[in-house]
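See below for the structure under consideration.
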Amino acid sequence: MAELTKKIKLLRKTSKTFLWISLVLMVFSTIGLYFYVRNLLQDEVEEELRSTEARIESSISENSIIYQLPPIVEVESVSNLGFEHLKDTLIFDPSQDEIEEFRELITYAKINDQNYRITVRALIVESEDILIAVVISYLIVIFFVFIFLFYLNKSRTQKLWNPFFKNLEQMKLFSLTSETPISLMDSDILEFSELNTEITTLTDKVRSDYKNLKQFTEDVSHELQTPLAIIQAKVDTIINGEALNDIQFEQLSSIQNDIQRLKQLNKKLGLISKIENDQFTNISPCNLNHILKDRIENLSELYPSEIIFESNEDVILLMDAHLAEVLCNNLLSNAIKYNLPNTPIVMVLEKDSLSVRNKGIRAILKPDQLFQRFYKESDEVKSTGLGLAIVKKICDLYGFQPSYRFTNNEHHFTISLPKQ
Amino acid sequence: MKILIVEDEKALLQSIANYLEKDGNICETASTYEDALYKIDLYEYDLLVLDINLITGSGLDILKLLKKNKKETATIIISANNSLEDKLKGLDLGADDYLTKPFHLAELNSRIKAVLRRGKFGGTERLEFNEISIDTRSRTAYIKDDVMALTRKEYDLLLFFITNKGRVLSKEIIAEHLWGDHSDMVDNYDFIYVHINNLRKKLTDAGAKYIKTAYGSGYKFMED
């Protein structure tokens with residue numbers, strides 16, 4: 001299984017990337033700029049020193065005047081010529097009355113057979129001030145440029161991805177059972193447009209498959225009715241015919257039983273597909289007390305054990321009256337089918353729940369599959385395996401919560417009803 | 001009684017006709033929409049058994065025409081469609097009953113008789129079989145003019161037996177009739193036996209031994 005990665009929003013992600021890149025760019029460009037400007041300034045100072053030195057040399061050779069302007073210019077006669085060198089040095093500057101950093105160029109020259117050492121200096125402070133000024137102004141400019149670009153970029157991205165976000169919302173709202181096809185926002189971006197086409201094709205296909213499946217179930221259950229009717233009519237005719245023996249009658253009777261099961265299966269499948277097709281729109285206030293009392297009265301006459309009904313107040317639900325009856329009926333039938341002989345069935349209706357309980361020997365093995373189609377616990381009881389699936393469908397339709405538990409040797413089926 | 005059966009499945013049509021003819025009814029059949037329109041236009045019937053899903057037209061249109069011509073014909077719709085709307089639509093148009101396919105012929109027969117008993121078709125609400133008589137309006141059964149103490153289900157059972165007298169009724173047919181439309185409990189025949197035995201005992205106690213066992217597990221209501 002693929003490891004789950006931490007999810008981050010698209011816009012956040014792009015902003016974050018942009019911010020990181022800007023930061024790195026800013027740091028590196030500032031460093032680059034710093035060294036470049038420093039070199040430039042150093043070259044400038046060096047050139048200036050050299051030109052001053054050249055002027056001094058030529059002035060000495062022409063006029064033999066020796067300038068002295070410490071600490072900027074110092075000329076001394078020396079016995080030997082040394083090597084020229086260029087360095088930074090700290091010297092006390094009387095005009096500033098403090099120690100200052102100078103760039104110093106020392107050259108040796110032989111002018112008119114006299115050896116001179118010429119020292120020229122320039123204050124570094126000046127060039128450093130310029131360097132800092134340049135870097136700071138660069139930083140300020142680039143910072144504002146980035147801020148501007150950041151917001152520009154953000155709004156552009158937002159605009160660019162807008163169709164994507166809109167369509168994502170549409171897809172979240174998409175429902176298989178909905179009659180209306182998905183409506184996506186068109187975009188001038190080719191990839192988005194292609195994505196839309198693909199999504200539309202896919203959802204249309206899924207919807208039509210789902211619809212076909214539902215239609216198929218409905219059609220099959222409908223189309224089976226007629227041949228079943230013919231078989232049943234023929235069996236009825238044979239039973240009333242001449243020359244039957246007991247064994248033949250027993251078999252015909254068993255065929256009738258199987259036809260009956262097919263009829264039930266058909267009827268229930270038809271009901272399920274009708275619920276799925278949302279064909280129960282006749283919604284009215286249904287008094288569950290009345291429905292249950294009626295159903296219980298109806299069943300009590302045939303069912304020998306007691307059916308106890310406990311209810312303190314009227315529970316009125318907004319739902320299709322037929323489905324309300326089916327819901328109550330299926331819960332009751334289920335309890336009757338699986339009840340132990342000569343034990344009562346207890347039905348309790350409260351403001352927020354409807355529950356049925358009946359005695360049983362052991363808990364249901366797979367309670368999580370209980371409400372699925374064709375779930376059967378055993379072959380002991382003949383059942384279509386659809387009764388509880390229908391209960392679940394009806395609950396889903398109206399937002400009720402069905403649940404099952406087994407305590408004190410009793411099966412409890414509870415439907416949590418929404419607050420009215 | 002003169003009955004017209006409109007049904008496009010010929011096998012089903014024939015079975016229904018045969019079953020109803022045994023009670024001395026005169027049955028005519030129509031297997032197409034056009035045939036049905038023609039016969040209704042030409043003849044008078046006491047009862048119409050009408051399939052609404054005909055290949056060339058809707059049975060509901062036949063019903064509309066019948067009502068437009070103010071014919072006093074009782075109508076029972078038989079349909080493969082068990083949706084409530086269709087049922088309501090049919091009853092709104094003036095049908096007297098609605099039966100979803102597949103059904104037992106005995107069930108159709110008892111519905112037909114119930115419809116015909118209603119006053120407006122000139123029937124009587126009193127049903128008689130030898131010393132037994134049933135007042136269907138008050139839902140009371142009498143035996144030699146004494147009221148029988150029957151439960152609701154026993155009364156239904158007796159009525160079902162008498163309307164299908166002389167026919168073999170399997171426990172499946174009886175169970176389906178008793179449980180009615182709404183239940184899938186038909187497999188529980190044990191409950192049915194209790195009611196049949198109770199009714200049989202009450203009848204036998206009054207000297208009416210009409211419920212006979214047929215082929216071991218079936219029943220037949222008939223004179224000795």
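Some points to look at:
- Among (1) at pLDDT below 90; (2) within 14 Å of chain B (Cβ to nearest Cβ); (3) crowded, with 18+ Cβ neighbours inside 10 Å, the one test that A:E242 misses: (3)
- Any hit, region B:48-56, residues being at pLDDT below 90 and more than 14 Å from chain A (Cβ to nearest Cβ): yes
- Residue count for region A:107-127, restricted to those that are surrounded by fewer than 16 Cβ atoms within 10 Å (Cβ to Cβ) and more than 16 Å from A:D88 (Cβ to Cβ): 6
- So A:K263, is it within 9 Å of another protein chain (Cβ to nearest Cβ), on the phi < 0 side of the Ramachandran plot and touching a helix residue (DSSP H, G or I) at 6+ places or on another chain (Cβ under 7 Å): yes
To keep it simple, each residue is scored yes or no on (1) exposed (fewer than 13 other Cβ atoms within 10 Å of the Cβ); (2) over 29 Å from A:Q232 (Cα atoms).
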residue: B:K64; (1), (2): no, yes
residue: B:K70; (1), (2): yes, yes
residue: B:N82; (1), (2): no, no
residue: B:K87; (1), (2): no, no
residue: B:A106; (1), (2): no, no
residue: B:T140; (1), (2): no, yes
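- Residue pairs whose Cβ atoms lie under 6 Å apart, separated by 6 or more positions or on different chains, with the first residue in region B:78-95 and within 16 Å of B:R111 (Cβ to Cβ) and the second in a loop (DSSP other than H, G, I, E, B) and hydrophobic (A, V, I, L, M, F, W, C), are B:S79/B:I52.
- Some residue of region A:305-314 being touching a strand residue (DSSP E or B) at 6+ places or on another chain (Cβ under 8 Å), more than 9 Å from every other protein chain (Cβ to nearest Cβ), among the charged types (D, E, K, R) and closer than 17 Å to A:G360 by Cβ: yes
- Of the residues examined, A:S273 is not one that is away from chain B (no Cβ under 12 Å) and over 30 Å from B:Y215 (Cα atoms).
- Region A:260-308: number of residues that are more than 26 Å from B:E107 (Cβ to Cβ) and assigned to a helix (DSSP H, G or I): 7
- Odd one out for A:I247, checked against (1) of a type in the set (A, V, I, L, M); (2) loosely packed, with under 15 Cβ neighbours inside 10 Å; (3) part of a helix (DSSP H, G or I); (4) under 52 Å from the mean Cα position of the chain (by Cα): (4)
- Residue, nearest to B:K71 (Cα to Cα), within region B:87-110, restricted to residues that are in contact with a helix residue (DSSP H, G or I) (Cβ under 9 Å, 6 or more places away or on another chain) and of a type in the set (D, E, K, R): B:D96
- Any hit, region A:387-395, residues being surrounded by fewer than 18 Cβ atoms within 10 Å (Cβ to Cβ), within 14 Å of another protein chain (Cβ to nearest Cβ) and out of contact with any strand residue (DSSP E or B) (no Cβ under 6 Å at 6 or more places or on another chain): no
- Flag for A:I316 being under 44 Å from the mean Cα position of the chain (by Cα), surrounded by 18 or more Cβ atoms within 10 Å (Cβ to Cβ) and in contact (Cβ under 8 Å) with a residue 60 or more places away in the chain: no
- In summary, A:S333 fulfils each of the numbered conditions (1) in contact (Cβ under 8 Å) with a residue 40 or more places away in the chain; (2) surrounded by fewer than 20 Cβ atoms within 10 Å (Cβ to Cβ); (3) facing chain B (nearest Cβ under 9 Å) with the single exception of condition (2).
- Of the set (1) more than 30 Å from B:L20 (Cβ to Cβ); (2) at the interface with chain B (Cβ under 7 Å from one of its Cβ atoms); (3) under 45 Å from the mean Cα position of the chain (by Cα), all apply to A:D278 but (2).
- Restricting region A:309-358 to residues that are in a strand (DSSP E or B) and charged (D, E, K, R), the residue that is farthest from A:Q401 (Cα to Cα): A:E310
- Unmet requirement for A:D368, which otherwise passes all of (1) assigned to a strand (DSSP E or B); (2) free of Cβ contacts under 8 Å to residues at least 24 places away in the same chain: (1)
- With a requirement of 1 or more residues that are within 14 Å of another protein chain (Cβ to nearest Cβ) and over 16 Å from the mean Cα position of the chain (by Cα), the helices (runs of 4 or more DSSP H) lying completely within region B:62-163 that satisfy it span B:84-92, B:152-163.
- Conditions (1) of a type outside the set (S, T, Y); (2) under 36 Å from the mean Cα position of the chain (by Cα); (3) within 17 Å of A:C286 (Cα to Cα); number of the one not met by A:V326: (2)
- Residues (free of Cβ contacts under 8 Å to residues at least 40 places away in the same chain and more than 7 Å from chain B (Cβ to nearest Cβ)) located in region A:222-239: A:E223, A:P227, A:I231, A:V235, A:I238
- A:C286 meets the conditions (1) under 14 Å from A:V326 (Cα atoms); (2) touching a residue at least 40 places away in the same chain (Cβ under 8 Å) in every case but one. The failed one is (2).
- Residues in region A:389-420 that are of a type in the set (S, T, Y) and part of a strand (DSSP E or B): A:S403, A:Y404, A:T407, A:T414, A:S416.
- Flag if A:D278 is closer than 21 Å to B:G180 by Cα and of a type in the set (D, E): no
- So A:T384, is it among the β-branched types (V, I, T), in contact (Cβ under 8 Å) with a residue 60 or more places away in the chain and closer than 22 Å to B:Y189 by Cα: yes
- Any hit, region A:184-206, residues being under 30 Å from A:L25 (Cα atoms), exposed (fewer than 13 other Cβ atoms within 10 Å of the Cβ) and among the basic types (K, R): no
The values are calculated or read from the model by the stated rules, or taken from the named source; none is laboratory data. Everything numeric in this text was worked out from a predicted model, so none of it was measured. Here Cβ is always computed from backbone atoms with ideal geometry, including for glycine, and neighbour counts include all displayed protein chains.
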